[in-house]
Amino acid sequence: MRSLQLLGVYMASSMSVAAEPPLPATEPHSYANPQQIRVREVALDLAVDFERRRLSGTVDLAIEHVDPKARELLLDTRALDIEQVQTRAEKGDWKAAEFKLAAPDRVLGSRLGIAVPGDAQSVRVRYSTVPDASGLQWLTPEQTAGKRQPFLFTQSQAIHARSWIPLQDTPLVRAPYRARIKTPKGLRAVMSAEMHDEPDADGRWRFEMPQPIPSYLIALAVGDLAFKSTGKRTGVYAEPSMLDRAAHEFAETEKTIELAEKTYGPYRWGRYDLLVLPPSFPYGGMENPRLTFVTPSVITGDRKLVSLIAHELAHSWSGNLVTNATWSDFWLNEGFTTYLTYRLTEAQYGQAFGDMERVLGYHDLLDSMERADVADRSLIRETPAADPDEVFSSIPYERGELFLVWLEQRFGREAFDAFLRGWFDDHAFKSATTAQFLAYLQDKLLARQPGKVSAVQLDAWLKVPGLPDSAVLPTSSALTEVEQQRERWLSGKLGTAQLPAKNWAVQQWQLFLDSMPERVTLDQLRQLDARFKLTGTSNQILGSSWLRLRLAAGDKSAWPAAETYLLGAGRMRLITPLYRALAKTPEGLAFAKQVYAKAAPGYHPIAREAVERILRGEQAGV
Ligand code: BES
Ligand code: ZN
């Protein structure tokens, strides 16, 4: 039904200029009813209790009666203890309100219905979170770099904000937010908002995000955090022992912002800071506005993995400024961002470096395509996924990127850059659907250069499972060289000592290891290790690739090292390939389950779900 609608848009618009279709009133991953009563502002007042592992306090929601007759506000929650709900009319007092919390759905949580009088302007919910809230990770001091203080961080995307704030948890709804966060003495709170260097007299940290953002971008972290400036609007927050290394790694961020501004328009969020998380952070990065959250695994000392920062920064345009309206439009966030990332990376570090990244991305895509269900291989699905976390893969990223590269090639870089800049400007601080993008594309590019792109071709990119034959595939001479050397090494024509790998960038190693043909022998792997000391490498990315390869080759002597690795890391992209490789044999699966039992308490709730899916035999995912 969705796809028919889409088709309607670009078929009709090939004759006349299509108006953009409206945003949908609701979406399948939220119980909210913004078409009746819409949240316009969010104000948090929370205390952080590390002993009981809970946040407690209030959220005040300023509401607008879009439908003047509506008398019930519907919010999303997941496993929250709701203590009290009040409403308030303009200048009035807070009055108790009736509310009902529906039985929980495994994926969506519980709908919270609140009775609101017609004159109510604000709703206050007093609540606390549960210790295993899906959007929070509470770390013991031992799980941090400093080992002395506990740590807390949130991860709200996609639908986990509701596990720590009762709100309209849908990217259809945008609102500015304010917060006051009380922390134990000596611990600092940071959020995706304007910050102050000191807490109030009563120990509360204050925050303000004046621009309207979707709920999945509300973020908080609390820990022993220090700050170091790296540029006029950039800096790094990290635990003190990590601070200098982090600031060195990310010193070139201001330059990346300037490059992005040149093509895509001004950076509209004021500051751009980074927060380095402990190793259990389940993602590489998370584009929380003004404060990107980043895994420590990219801090390698050589700045070779900073395209991750370019990616999160690019979300300041694609994602945070123009937001996917529903999780079925996720490719609008990640496909655009992946395209922007490669553009920024090649502008900053050169074409050859950008090409390597593109080729690795393409390998990820092929890998994900092979594992994904057919329904998940296209950019948009016939029916929405039940759980957005479950269908997370490289497909919306890399296939989305290839789609934009293909469009760029049809219309030329200059026209395409201007088109993208227009898309961001014309939809700034709005949420958008794929159908709206197609209407805009029709209007601004297709109709102006008729005959270059057909509706059938657009369909092939968006709806057909297989990749279109016309895709413009990336190539990298630096990686082709590595492939050739690997071929000669595998067939014995080149000795291990002759591999010129001492000078390889991490990307070359990744290619060498990640797409190693199955005929590699255990003896060859041992020689590699002897020469290049891959076991125990301090580079966590390579560590994962190397262990995966040994596990996949059936090298049982890699098991102890794999266990150590899996106990120390938590980024899903690094740990899931190891669990997946182990799960291939019954014996390996039994071992993986043992390791997981030990490692699970240190993993983020989302990472636990992902690993458990693998241990149950499900193949898709990161
Ligand atoms: N927004 C994503 C992370 C995300 C996606 C969290 C979906 C929850 C649900 C972030 O921008 C991202 O894409 N991170 C990547 C970075 C990589 C592609 C450079 C990651 O974590 O691997
Ligand atoms: Zn992203």
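Given the peptides 460-472, 43-55, arrange them by the average over their residues of other C-beta atoms within 10 Å, most packed first. The partial results should precede the final answer.
On the way: 460-472: 14.9, 43-55: 17.9.
Result, highest mean Cβ count within 10 Å first: 43-55, 460-472.
Skipping prolines and chain starts, which residues have an amide H placed within reach, meaning under 5 Å, of the one on L275, given they are 5 or more residues away or on another chain?
It is Y237, T292, F293, V294, by chain and number.
Can you list the aspartates and glutamates whose alpha carbon sits under 15 Å from that of K95, skipping same-chain ones fewer than 8 residues off?
List returned: D60, E83, D119.
What does the net charge come to around A558 if you take all other residues with beta carbon closer than 13 Å to its beta carbon, with K and R at +1 and D and E at -1? Kindly include the intermediate steps, with their values, before the conclusion.
On the way: positive: R526, R548, R550, K556; negative: D529, D555, E563.
So the surrounding residues net to +1.
Counting C-alpha atoms alone, how compact is region 485-550: give Rg to one decimal and Dmax as a whole number, in angstrom.
Over region 485-550's Cα set, Rg and Dmax evaluate to 10.9, 30 Å.
Efficiency by 1/(1 + (r/R0)^6): what FRET value for K304 and D200, r their Cβ-Cβ distance, R0 = 51 Å, to the nearest 0.05?
So the FRET efficiency works out to roughly 0.75.
Using the heavy atoms of the protein chains alone and a 1.4 angstrom probe, what is the accessible area of the chain per residue in square angstrom? Walk me through the numbers before you get to the answer.
Details: 24610 Å² over 622 residues.
Accessible surface, normalised per residue, equals 40 Å².
Just add up the charged neighbours of P396: K/R +1, D/E -1, any other residue whose Cβ is under 11 Å from the Cβ of P396.
Around P396, the charge tally is -2.
On average, how much area does the Cα convex hull of the chain cover when viewed from any direction, in nm²?
Directional mean of the projected Cα hull area for the chain stands at 27.8 nm².
Tell me the Kirkwood hydrodynamic radius of region 426-498 in angstroms, computed as one over the mean inverse distance between distinct C-alpha pairs. All intermediate terms of the calculation are to be shown ahead of the outcome.
On the way: mean 1/r = 0.0601 Å⁻¹.
Final number for the Kirkwood radius of region 426-498 is 16.6 Å.
Please work out the Cα center distance from region 152-186 to region 249-269, rounded to the nearest Å.
So the separation of the two Cα centres works out to 26 Å.
What base-10 log of the normalised intensity I(q)/I(0) is obtained for region 328-418 from the Debye formula, alpha carbons as equal point scatterers, at q = 0.10, 0.21, 0.25 Å⁻¹?
For region 328-418 at q = 0.10, 0.21, 0.25 Å⁻¹, log10 I(q)/I(0) is -0.27, -1.03, -1.29.
I'd like the distance between the alpha-carbon centres of region 446-478 and region 204-242, rounded to an integer number of Å.
About 39 Å separates the Cα centre of region 446-478 from the one of region 204-242.
Under the Karplus relation 6.51 cos²θ - 1.76 cosθ + 1.60, θ = phi - 60°, what is the ordered set of whole-Hz ³J(HN,Hα) values for region 202-210, x standing for Gly and Pro?
Result, rounded to whole Hz: 8, x, 9, 8, 10, 9, 8, 10, x.
Rounded to a whole number, what is D in µm²/s for region 358-488 from Stokes-Einstein with the Kirkwood radius over alpha-carbon pairs (4 °C, 1.567 mPa s)?
Numbers: Rh = 16.5 Å.
Estimated via Stokes-Einstein, D reaches 79 µm²/s.
Of K185/K228; K556/K593; K255/K304, which ones are farther than 18 Å apart at the Cα? Show your work: numbers first, answer last.
On the way: K185/K228 21 Å; K556/K593 15 Å; K255/K304 15 Å.
Flagged as over cut-off: K185/K228.
Give me the Kirkwood hydrodynamic radius of region 178-276 in Å, from all C-alpha pairs, to one decimal place?
14.7 Å
Could you work out the percent of alpha carbon pairs in region 503-622 separated by over 21 Å, rounded to a whole number?
Numbers: 2409 of 7140 pairs.
Cα-Cα pairs of region 503-622 separated by over 21 Å account for 34 percent.
Percent of Cα-Cα pairs per 10 Å bin, from 0 to the last occupied bin, for region 441-538, please list those.
12, 33, 17, 15, 15, 8, 0
Separation of region 373-437 and region 312-347 by C-alpha centroid, Å?
Taking the Cα centre of each part, region 373-437 and region 312-347 sit 8 Å apart.
Summing -39500 (n - 2.57) over the DSSP H runs of n ≥ 4 in the chain and dividing by its residue number, what mean residue ellipticity at 222 nm do you reach, to the nearest 500 deg cm²/dmol? Display every interim value, and only then the final one.
Values: 18 runs with 218 residues, N = 622.
Helix-only estimate at 222 nm: -11000 deg cm²/dmol.
Pop out the carbon and sulfur fraction of the accessible area of the chain as a percent, whole number, probe 1.4 Å. Working shown, then result.
Numbers: 12490 of 24610 Å².
Taking all protein chains in place, the chain shows 51 percent carbon and sulfur surface.
Among 304-315, 372-383, how do they line up by average Cβ neighbours within 10 Å per residue, starting with the highest?
On the way: 304-315: 23.2, 372-383: 16.1.
Packing proxy ranking, top to bottom: 304-315, 372-383.
Which of the lysines could a cross-linker bridge to K444, judged by Cα under 21 Å and excluding same-chain residues fewer than eight apart?
Qualifying lysines at Cα under 21 Å: K262, K430, K452.
The values are calculated or read from the model by the stated rules, or taken from the named source; none is laboratory data. For clarity, every value in this text was computed on a predicted model and none was experimentally measured. FYI the Cβ positions are ideal-geometry reconstructions off the backbone, even for glycines, and counts take in every protein chain you see. Surface areas here come from the heavy atoms of the whole protein model, side chains and all, with no ligands, DNA or RNA. Shrake-Rupley method; radii C 1.70, N 1.55, O 1.52, S 1.80 Å.
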